[in-house]
1. Rounded, prolate or oblate: which fits region 135-256, taking a ≥ b ≥ c as square roots of the Cα gyration tensor eigenvalues, rounded meaning a/c under 1.5, else prolate when a/b beats b/c?
2. Going by the alpha-carbon gyration tensor, a ≥ b ≥ c the square roots of its eigenvalues, is the chain rounded (a/c under 1.5) or, if a/c is not under 1.5, prolate (a/b greater than b/c) versus oblate?
3. How much length is gained on full extension from A94 to D331, taking 0.36 nm per residue of separation minus their Cα-Cα distance?
4. Determine ³J(HN,Hα), in whole Hz, for all residues of region 18-32 in sequence, where each value follows from phi through the Karplus function 6.51 cos²θ - 1.76 cosθ + 1.60 and θ = phi - 60°; x replaces Gly and Pro.
5. Shape of region 184-303 from its Cα gyration tensor (a ≥ b ≥ c, root eigenvalues): rounded if a/c is under 1.5, otherwise prolate when a/b > b/c, or oblate?
6. Can you pick out the pairs among K49/K288; K25/K255; K26/K255; K119/K160 whose Cα atoms lie more than 24 Å from each other?
7. What relative contact order, as a whole-number percentage, does the chain give when Cα pairs under 8 Å and 6 or more residues apart are counted?
8. Can you compute the helix-only [θ] at 222 nm over the chain? Use -39500 (n - 2.57) per DSSP H run of at least 4 residues, normalise by all residues, nearest 500 deg cm²/dmol.
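The values are calculated or read from the model by the stated rules, or taken from the named source; none is laboratory data. Note that the structure is a prediction, hence the values are computed from the model and not measured. Note that each Cβ is placed from the backbone with ideal geometry, even for glycine, and that neighbours are counted across all protein chains shown. Ligands, DNA and RNA are excluded from the accessible area calculation, which covers all protein heavy atoms including side chains. Shrake-Rupley method; radii C 1.70, N 1.55, O 1.52, S 1.80 Å.
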Amino acid sequence: MENIFYFRIISAIGGTEQFLYEIAKKYSDLDITVFYDSADPLQLRRLKKYVRCRKRTPGEKIKCRYAFFNFNIDMINDVEAERYYFIAHANYEALGYKPPIEHPKLTHFIGVSDFSRRKLDEYGELLGRKIKTELCYNPLTMEKPEKVIRLISATRLDDKVKGGQRTLILINALDEYARKNDRQYLWLIFTNQTQLRINSPNVCLMERRIDIRPFIADSDYLVQLSNDMETYCYSINEALSYGVPVVTTPLSVMKELPITEEMCIECDWDMTNARNVAKEIFERRTKKFTYTPPADRWKEILSNVPSDYSEDETNIRVRATDAWKRNGIQDKETSDIPESGSEWTVSEERYDELRLYEARNEVHLIDKV
């Protein structure tokens, strides 16, 4: 292998998940493998369109040229590489825990923004290790937009650093303005399950999904009210790249992005200006703008060896037993009851799922062809 990226848990939503997808999409012509311990099926499915993805087997020895670690370094002792990179995706001071940069194998360090680069160097000094983190912005490629909605957020409302309470305050201010001025708005919030009680006829809590860019592109504003832990924030950069202004807190990273006045409405940390923000959201005549995200440098960093990867190589051919028909079991992917002896191709994840079903129900469904 040439380039490997390791991330312990590829969740249903998250900035690092988006980073892996952007790397895979933009640099799919290079030899790249993503290792993980567990992964959301939808995230994994879209990654596999472009690069190899492998579930880590602890103790399995992996040889590669460059190894890139994102937050977690669990597999580092099983990796033999020419270079070992640690990528700083966050301000660890705000997150409240130490980055694992003391490991002696780690010799190269990357910050996804100048803010995260400086913060990682500072942490290195606190840990007694002088490091020199290089700056490499996250890659970002944009698809053709389709208009859908007006206000949008893509966030984890129950995550204490993502601004759930600020979101409630802004909703109240928007509702108040809408009532007094006979105006309407629709705010779609794509999130995981939340304990926040949102009682507004103008807000829709949407199930988490990864294909939200058409919704972003057709919005009037994207709202992101995080604490100062964002070190790039894909949703902000995605929105601006589509010409959609953003409503944000005074995030440090915003100072290094090429943002002009018409691109952003800023909420105070304590949301004391929420009513003014709500009024501006309704009344501002936003001028058209063009935004170009900071250029990434992954072409310089990745090993420049062409990929021979094909998505088909991760599929498994299976044959149905008569247990499907005998027990009246429907295949959830096709909604059919497979005939005994029929063959089809499944992903590694679906194969594991079928085997787990067999174990739980003590019924033999498939043979591997």
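1. prolate
2. Here the chain falls in the oblate category.
3. Full extension of this stretch gives 80.8 nm more.
4. Computed from phi, the couplings for region 18-32 are 5, 4, 4, 5, 5, 4, 4, 5, 7, 10, 5, 6, 9, 6, 10 Hz.
5. It is prolate, given that a/c is not under 1.5 and a/b is the larger ratio.
6. Among K49/K288; K25/K255; K26/K255; K119/K160, the Cα-Cα distance tops 24 Å for K49/K288; K25/K255; K26/K255.
7. 15
8. Rounded to the nearest 500, the figure is -7500 deg cm²/dmol.
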